[in-house]
Every structure is written in structure tokens, then in C-alpha cells.
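Participant: Take this structure first; my questions come after.
The values are calculated or read from the model by the stated rules, or taken from the named source; none is laboratory data. The model shown is predicted, which means the values in this text are computed figures rather than measured ones. Note: ideal-geometry Cβ built from the backbone for every residue, glycine included; neighbour counts use all protein chains shown. Just so you know, the surface numbers come from the protein's heavy atoms only, side chains and all, with ligands and any DNA or RNA stripped out. Shrake-Rupley method; radii C 1.70, N 1.55, O 1.52, S 1.80 Å.
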Amino acid sequence: MTDFFQDIPKARFEGPDSTADFAFRHYNPDEMLMGKRMEDHLRFSVAWWHSFAWPGGDPFGGQTFERPWFGDTMALARMKADVAFELFALLGQPYFCFHDADIRPEGDSFAQSTRNLEEIVEYIGQKMAAGGPRLLWGTANLFTERRFMSGAATNPDPDVFAYSAATVKTCMDATLKLGGENYVLWGGREGYETLLNTDLKRERDNAGRFLQMVVEYKHKIGFKGAILVEPKPQEPSKHQYDYDVATVYGFLREFGLENEVKMNIEQGHAILAGHSFEHELAMASSLGILGSIDMNRNDYQSGWDTDQFPNSVPEVALAYYEILKAGGFDTGGTNFDAKIRRQSLDPADLVAAHIGAMDVCARGLKAAAAMLNDGGLEAARTARYAGWDTAQAKTMLSGGLDGCYDHVIDNAVSPQPRSGQQERLENLVNRFV
Ligand code: XUL
Ligand code: CO
């Protein structure tokens, strides 16, 4: 036991009227919604990188957090794991996620880094066996170290491609060993700054082959979880290849991977791409590739990825509405890819951030379930498209332009615009949030 969280109590559900700092007012794991426990709907996960590895820097200044486990030794990595599992015990969330670089110190060679990873994975495995949460997903950090500055799979240097592929192999092995339910690839440096030095076609082709290798290896080792790609536009590279869900889907189709790979969709990344979170979720759902979510919130003014904890119930409700409509998570979950602000120095801030976010998500989920049960939104949508259910409309779609022409002439078609009812539908949503 470390004494990092001192006497902060384990968070329990106390109901909406509770005034306790460290209690859930809305997240009640056993509450049933649409035939499923709330915990099983939301499948919360804590992100190792933001909560335990992030030093509190920003582009204008370095570390603000002084955590006793910061440093590059295995002993400190174990202390970090101890603290992580202490936070997990306070929150009681069912999952966590990590990159290799979050949990192990970098070695002075690839082989040493891998040994460090294997050792800490063993240690984390013991802690999980003792009753900790499960692994939602593992991933490789292919963006922080200097060697990845020009990309990992899209690097002009084949040695970096090989190093990246070898790293992913070790991270998939670690994820399999810990019973992870998904493996994530966020293309951190897969993009470019200037076309003047970039062979775009080669880079995309190599990224496609890289992802095929990941899928081949998944089948080779018998990993049953989902492979998830996490789209993000224009950060850190000016042009990121995995811009948004629709772009990644086109990429998957190009490399024959659309039935093998799903999406991990992050709220802040959707905002950066000029979309709403629910747009990205609905797009993925319509393409059959909705996998998991990284829940956070971006500042709407700052224009970069601020990774704040979610605190808007109406926003979150619309996201869970799309997820519930899609049938809920399968192997996916709600990973808090969110960090406390760099001035939030106290251990209590870390705990409170997660508790607040879990409550916001619980309220959003409840609102989403109530909206679905009410049926008003779906009824309005169905009515709006009812014309497409007619035999005539179906015949028209299977015909051609001249068929449409004949239809318009023969029936003297003269379309009459109808209201889209947006404000009435917004009022309807506001009854639930
Ligand atoms: C970066 C980001 C990553 C991925 C995992 O913006 O979201 O933390 O979630 O590499
Ligand atoms: Co993310």
C-alpha cells in the first residue's frame, strides 16, 4: 500500500441528494436500464497515461505534478502500478487501459524495454488476479520517443517501421496475456507536416500493410478481442491520415480490413475534426464499425486536444443515445481519455475528476435510455422517411434516371417541403436531460 490517496474514502452510490465529496450521485452500478446493469452498459475504464504518467506539462511549461513514482526505474513503475490499483479500488470501475510507455520504463535497447514490459505486465497481472479491474485495451506508444518523430508505420525509414511493428507485437502479447478485450491503434505520428518531403502514397500503403500485419498477428496468436483504430485529425501532425471515422473506413476498405477493424471514437477528436461526437458514433454505427469510446471533452475555444473530463450531461446523453441505439457496447467501453488540469495538483483532484465524470456519464446514459423508451425521437425520424418504405420508392431506387423521369411525368410529381421540426425535437431532448 502507498499512502498517496491517504484517507480518501471508497466512492459509493449515495443518490442525488448526497453532499459527500467522494460519492456517486448517479452512477449506481447495479441499477437496471433496458434489461442491463448500469455498470455493464457503461464499462468505465481509467487511462493509465493521463492519470499516472502525465507530468502536467503544456506547450509553455513543463511538469507541475510531483508524483513520488516519477522516474525511470522498475521499482518506480511498480509503485505507479500500486497507486493505479489504489485509485481503481476507490472508484470501483471495471476496466483500465495503458500504453507500453505508461507502465514500463524505457530500456536502453528494444530488448531491455521488452523485458521491462514483460516484468511489469507480470506484476499488473498479479494485481488483477487479486481482484482489480480488467483490461479494456492495450496499445503501443509510437509517438513520444524521438525515433517516431517522422511517423511509425508511415516513417520514411524501414527500420522505424520494423521497430514499430516489433513494439506492437510486444504490446499485443501483453494485452493477450492480461486478458484485454480490445487492442487499440491511434496513429499518433501517422501524418505529415509538408508535402515537400512526403511520399503520401507510399506512407498510406505502408500504413495499410502495417494494419494488415496487426490483424494477421491477432489471428496467429488467437487474440479474440477487437482491433480498434482511433481517428484523430490535425494533431500532432498537420495532416493526420486517420482524420475521422469516414476517412478511416475508406482506408479499411482499401486494404480489405473493414470486417476486421472497428473504431475507438474520442469526443475531443470528433470536435477537432469539425464533427459532433454523436455524428462520429452514428457514422461508425451505420458502417458497422462502432467499437469503443474515449470519453472526454475539448475546450470549444482553444482549438487543440485539451482532454478534459466530460461535464455536460446533454452532450453525453446524445452520445449514449447513439450507442444504445446501436445495441450498446460489445467488447468496447467508456475509457476516460481525460486528464485533470495542470493546476489540479492534489490526489483528491484525480479522484474527484473520475467520480464527477462517471456521474455525468450515468446521467447521460439514463437520459438516453429514457429517450429511447419514450420513442418520440425515433417516431419522428421514422415518419420523416416513411415515403421510402413504399413499394414505389423501392422500385424507383432499383431503376435509373429515366425511371425517375417517367415517375415524375406520369404522376405529375410536385414535391411539397415539410418541416424538419428541429426545435420541437430539441425541446423533446431537453425533457430528458
Ligand atoms: C491521443 C489519444 C491517445 C489514444 C491512445 O489524442 O487519444 O491517448 O487514445 O494512444
Ligand atoms: Co484517445
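Participant: Which of (1) open to solvent by 10 Å² or more (accessible area, probe 1.4 Å); (2) out of contact with any helix residue (DSSP H, G or I) (no Cβ under 9 Å at 6 or more places or on another chain); (3) within 16 Å of ligand 1 (Cβ to nearest atom); (4) outside any loop (DSSP other than H, G, I, E, B) does residue 262 not meet, given it meets every other one?
Facilitator: With (1) open to solvent by 10 Å² or more (accessible area, probe 1.4 Å); (2) out of contact with any helix residue (DSSP H, G or I) (no Cβ under 9 Å at 6 or more places or on another chain); (3) within 16 Å of ligand 1 (Cβ to nearest atom); (4) outside any loop (DSSP other than H, G, I, E, B) applied to residue 262, the lone miss is (2).
Participant: Still on this structure: Go through the range 156-172 and report how many residues are within 22 Å of residue 196 (Cβ to Cβ) and in contact (Cβ under 8 Å) with a residue 24 or more places away in the chain.
Facilitator: 2
Participant: Report yes if some residue within the range 350-370 is open to solvent by 80 Å² or more (accessible area, probe 1.4 Å), within 16 Å of ligand 1 (Cβ to nearest atom) and not aliphatic (A, V, I, L, M); otherwise report no. Show your work before the answer.
Facilitator: Filtering the range 350-370 for residues open to solvent by 80 Å² or more (accessible area, probe 1.4 Å) gives 363.
Then keep just the ones that are within 16 Å of ligand 1 (Cβ to nearest atom); that gives none.
Within the range 350-370 (the criterion being open to solvent by 80 Å² or more (accessible area, probe 1.4 Å), within 16 Å of ligand 1 (Cβ to nearest atom) and not aliphatic (A, V, I, L, M)), the answer is no, since none of the residues qualifies.
Participant: Can you name the residue in the range 249-259 that is of a type outside the set (Phe, Trp, Tyr) and in contact (Cβ under 8 Å) with a residue 24 or more places away in the chain and, of all such residues, is farthest from ligand 1 (Cβ to nearest atom)?
Facilitator: Looking at the filtered set, the residue picked out is 256.
Participant: When you go through 86, 122 one by one, which is the residue that is among the acidic types (Asp, Glu), more than 24 Å from residue 213 (Cα to Cα), out of contact with any Lys or Arg (no Cβ under 8 Å at 6 or more places or on another chain) and open to solvent by 60 Å² or more (accessible area, probe 1.4 Å)?
Facilitator: Residue meeting the stated conditions: 122.
Participant: Right, next: Return the total of residues in the range 311-348 being open to solvent by 60 Å² or more (accessible area, probe 1.4 Å) and hydrophobic (A, V, I, L, M, F, W, C).
Facilitator: Qualifying residue count, the range 311-348: 1.
Participant: Looking only at the range 19-36, decide whether some residue is aromatic (Phe, Trp, Tyr), in a strand (DSSP E or B) and more than 16 Å from ligand 1 (Cβ to nearest atom).
Facilitator: yes
Participant: Moving on to the next point. Considering (1) touching a Phe, Trp or Tyr at 6+ places or on another chain (Cβ under 9 Å); (2) more than 28 Å from residue 316 (Cα to Cα), say which one residue 72 fails and leave the rest.
Facilitator: (1)
Participant: Ok, one more. Being in the same structural domain as residue 58 (by TED's automatic domain parsing) and away from ligand 2 (no atom under 14 Å from the Cβ) narrows it down to one residue among 250, 268; which is it?
Facilitator: Just a single option satisfies the conditions, and that option is 250.
Participant: Between a residue in the range 337-348 that is within 13 Å of residue 307 (Cβ to Cβ) and any residue that is more than 16 Å from ligand 2 (Cβ to nearest atom) and among the charged types (D, E, K, R), which pairs come within a Cβ distance under 7 Å, given they are 6 or more apart or on different chains?
Facilitator: Sorted first by the residue in the range 337-348, then by its partner, the pairs are 340/349; 342/58.
Participant: Among the numbered criteria (1) open to solvent by 20 Å² or more (accessible area, probe 1.4 Å); (2) in contact (Cβ under 8 Å) with a residue 40 or more places away in the chain, which one does residue 187 miss?
Facilitator: Just one mismatch for residue 187, condition (1).
Participant: When you look at residue 357, is it without any contact (Cβ under 8 Å) to a residue 60 or more places away in the chain, within 16 Å of ligand 2 (Cβ to nearest atom) and assigned by TED's automatic domain parsing to the domain that holds residue 99, yes or no?
Facilitator: In short, no.
Participant: Return yes or no: is residue 70 part of a helix (DSSP H, G or I) and hydrophobic (A, V, I, L, M, F, W, C)?
Facilitator: In short, no.
Participant: For the range 265-305, give me each residue that is open to solvent by 50 Å² or more (accessible area, probe 1.4 Å) and either within 12 Å of ligand 1 (Cβ to nearest atom) or assigned to a strand (DSSP E or B) (or both).
Facilitator: 297, 304
Participant: Tally time: how many residues in the range 371-400 are exposed (fewer than 15 other Cβ atoms within 10 Å of the Cβ) and in contact (Cβ under 8 Å) with a residue 60 or more places away in the chain?
Facilitator: Total meeting the criteria: 1.
Participant: Quick one: how many residues across the range 190-232 are out of contact with any Gly (no Cβ under 7 Å at 6 or more places or on another chain), farther than 14 Å from residue 168 by Cα and crowded, with 22+ Cβ neighbours inside 10 Å?
Facilitator: 4
Participant: Look through 53, 129, 140 and report the one residue that is at pLDDT 95 or above, assigned by TED's automatic domain parsing to the domain that holds residue 165 and loosely packed, with under 15 Cβ neighbours inside 10 Å.
Facilitator: Only one candidate qualifies: 129.
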